[in-house]
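S.K.: Sharing a structure here in structure tokens format.
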Amino acid sequence: MLTPEFLAPAMFGALALVLLAGFPVAFSIAAVGAVFGAVGIAAGHFPPQFLLAGTLRIEDFFHNDNLLAIPLFVFMGMLLERTRIAADMLITLDELFGRVRGGMAYTVVLVGATLAAITGFVSAAVIGIALIALPAMLRKGYDARLATGVIAASGTLAQILPPSLVLIVLAEQLEVPLLEMYRGALLPSVLLVLLYLAYVCLATRLWPQRAPAGAVTEGASTATARQWRAAALAAGFPIGLILAVLASIYFGVATPSEGGAVGVTGALLLGLVRRQLDLARLRQAMESTGVLCSGLLFLLFGASFFTLVFRGLDGQLWIESLFRHIPAGQIGFLVFVNVAIFFIAFFLDFFEIAFIVLPLIAPVARKLGIDMTWLAVLLAVNLQTSFMHPPFGIALYNLRSVAPPSVSTTQIYRGAIPFLLIQLLVVALLIAVPSIVLRTESTPVNVDNVEIPMPPPPERDEEPRKQ
């Protein structure tokens with residue numbers, strides 16, 4: 001009865017029940033791993049010393065350069081968030097683009113992309129943009145659906161825009177070099193920003209009442225040199241800092257952790273130069289960083305122990321058997337996985353999916369010959385949709401918590417749907433055109449369908465050798 005064929009599905013089912021019951025995720029997966037680890041030892045599937053490998057895996061985490069970069073990037077984001085950079089960018093860019101119909105919506109997308117890259121957290125980006133931009137957009141006469149949709153969608157760019165915390169976690173879980181992750185995610189993230197801007201342009205042309213002309217055509221007909229200079233200063237420093245961090249990593253000048261240290265140093269200097277950083281704000285940034293990283297670390301430890309026991313019970317063989325009957329090779333696998341994760345994200349957040357689900361499907365993807373960078377970026381965009389789909393999207397909950405009572409929940413949901421469809425369109429594009437991520441003309445090869453050529457038989461001498 002207690003065979004691996006029974007214990008592996010039972011372990012997965014027990015985890016699902018515990019999570020649906022609402023227990024803390026980090027301790028739930030560790031507890032499930034401990035219970036089934038004891039059962040596996042009692043049934044003789046592996047010796048007690050097998051579980052000691054978990055301590056070695058935990059020790060490896062503290063020597064992992066990618067994971068060491070997480071607290072540094074989080075601290076950089078927390079510092080920049082508390083120096084009013086987003087507010088100053090919004091004010092100056094609104095003065096620049098305010099004469100264009102939908103100008104503030106364009107501004108929100110650009111500021112949201114910058115803030116998302118700075119913070120690395122969707123919730124922080126959405127709340128930060130909403131507090132600054134939503135009241136101003138409503139005062140100017142913007143339709144609540146367009147205003148809330150633009151804000152929520154811009155905040156979710158924290159999932160995919162480098163240097164994203166999400167990309168660091170995915171790179172670690174799928175064993176992809178972080179540099180390759182950043183390179184692969186760059187073009188899809190730019191594509192998402194351009195599609196958001198294109199939708200704003202289309203919506204304000206088809207439904208001009210959503211961005212009244214009188215509210216966006218005030219002032220002179222052309223921007224002054226002072227406004228261009230103010231916009232360049234407000235946007236140039238934070239964007240320049242992000243580009244400096246990415247360039248140091250891209251060109252091999254710095255490791256990810258060293259790049260994070262460069263970002264923290266730049267954020268400290270920028271805050272001091274702008275006179276927006278004092279000891280109280282510095283302490284708040286340090287406390288927030290400590291809380292977020294501690295929670296992430298406990299989740300990583302629990303997930304690592306769960307995965308160790310699950311593989312000890314040959315759980316990867318059970319997962320492979322589930323995918324064995326999916327048709328169409330790589331494409332069938334990718335479509336099935338993305339659809340499944342899209343619906344799983346209704347109930348689990350990103351970190352739970354990254355630490356629990358992805359380690360289970362990664363071996364199957366490698367066996368199919370799927371490029372792991374392609375898969376990682378594809379899943380990053382897919383998981384971005386989890387923040388937007390009504391009624392469970394976390395970004396929508398965050399937006400509802402700070403939106404004024406005049407904005408209904410239904411308006412927030414309706415505003416999110418067009419941007420959710422844009423995100424799904426990008427997922428489909430990445431599946432159909434992997435060169436968007438891989439920068440190659442050819443798609444990855446499915447090794448299951450490749451015939452390995454055999455060497456030709458040796459040629460025989462036509463005449464017998466003379467003795």
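S.K.: Taking loop as defined by DSSP and a crowding limit of 14 other beta carbons within 10 Å, which chymotrypsin sites (Phe, Trp or Tyr not before Pro) in the stretch 355-404 fit?
M.R.: Passing both the DSSP loop test and the Cβ count: 392.
S.K.: Please work out the ratio of the alpha-carbon Rg of the stretch 7-440 to 2.2 N^0.38 Å and round it to two decimals.
M.R.: 1.02
S.K.: Any idea which of 70, 377, 208 is furthest toward the positive side of the dipole for the stretch 7-440, if Lys and Arg beta-carbons carry +1 and Asp and Glu beta-carbons -1?
M.R.: 208
S.K.: Once phi is turned into ³J(HN,Hα) by the Karplus curve 6.51 cos²θ - 1.76 cosθ + 1.60 with θ = phi - 60°, what whole-Hz value does each residue of the stretch 194-205 show in order, with x for glycine and proline?
M.R.: Per-residue couplings from phi come out as 5, 5, 4, 4, 5, 5, 4, 4, 5, 5, 6, 7 Hz.
The numbers here are math on the coordinates, done by the rules we state, and not lab data. Predicted model, so just to flag it, every value in this text is computed and none were measured. We place every Cβ from the backbone using ideal geometry, glycine too, and count neighbours over all the protein chains shown.
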